[in-house]
1. From the residues Asn46, Pro128, Val26, which one has its Cα farthest along the dipole of the chain in the positive direction, the dipole being from +1 and -1 charges on Cβ of Lys/Arg and Asp/Glu about the Cα centre?
2. With only Lys, Arg, Asp and Glu charged, each at its Cβ (+1 for the first two, -1 for the last two), find how big the charge dipole of the chain is about the Cα centre; round to the nearest 20 debye.
3. Counting only pairs 8 or more residues apart or on different chains, how many lysine pairs in the chain have their Cα atoms under 16 Å apart?
4. Compute the long axis of helix 101-121 from its Cα atoms, compare it with the longest principal axis of the Cα atoms of the chain, and write down the angle in degrees, 0 to 90, nearest 10.
5. Can you run phi through the Karplus equation (6.51, -1.76, 1.60; θ = phi - 60°) for segment 16-22 and list ³J(HN,Hα) in whole Hz, with x for Gly and Pro?
6. Report the full-extension gain for the segment Glu80 to Glu21: residue separation times 0.36 nm, less the Cα-Cα distance, to one decimal in nm.
Amino acid sequence: MIYSEKVLDHFSNPRNVGEIENADGVGEVGNAKCGDIMRVYLKIENEIITDIKFKTFGCGAAVATSSIATEMLMGKHISEAINLTNKAVVEALDGLPPAKLHCSVLAEEAVKSALSDYYIKQGIDPVPIVGEIKHDCEACEIG
């Protein structure tokens, strides 16, 4: 598998690793079958993401997609986080091998899961805003 320089950089030097105490939203997605599990923590003030951290257990692509997603969303309005797509994550990393595209889906789903948790804590039904969260990696079911 050939990884882009950006993937290698984010794997070797991941940004925003860790946990946020008293996070406004925490989301976890993944599947023990494929071994990729992502947890995203959000701190939100006036609908702006003031801090975002992640903990990922998985392959290099999983770490890289988590890292780039946190960089893409730091300081952004939550509406931008809701609209984050796995395609945008892949583009920001200058591509991923086909067998690793599911990692970008997990990054998108982890962010949306954290946003769902945020809305639930606000007493708001997250489904009409964020959509249904899958919480596991459907790509792992392939093959």
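Just so it is clear, none of the values below were taken in a lab; they were calculated from the coordinates. It should be emphasised that the depicted structure is a prediction, and the values quoted were computed from it without experimental measurement. Glycine also receives a Cβ, built like all others from the backbone with ideal geometry; neighbour counts cover every protein chain displayed.
1. Val26
2. 220 debye
3. Value for the chain: 17.
4. For 101-121 against the chain, the angle is about 10 degrees.
5. Rounded to whole hertz, the list is 6, 7, x, 10, 10, 5, 6.
6. Taking Glu80 through Glu21 to full extension adds about 18.9 nm, to one decimal.
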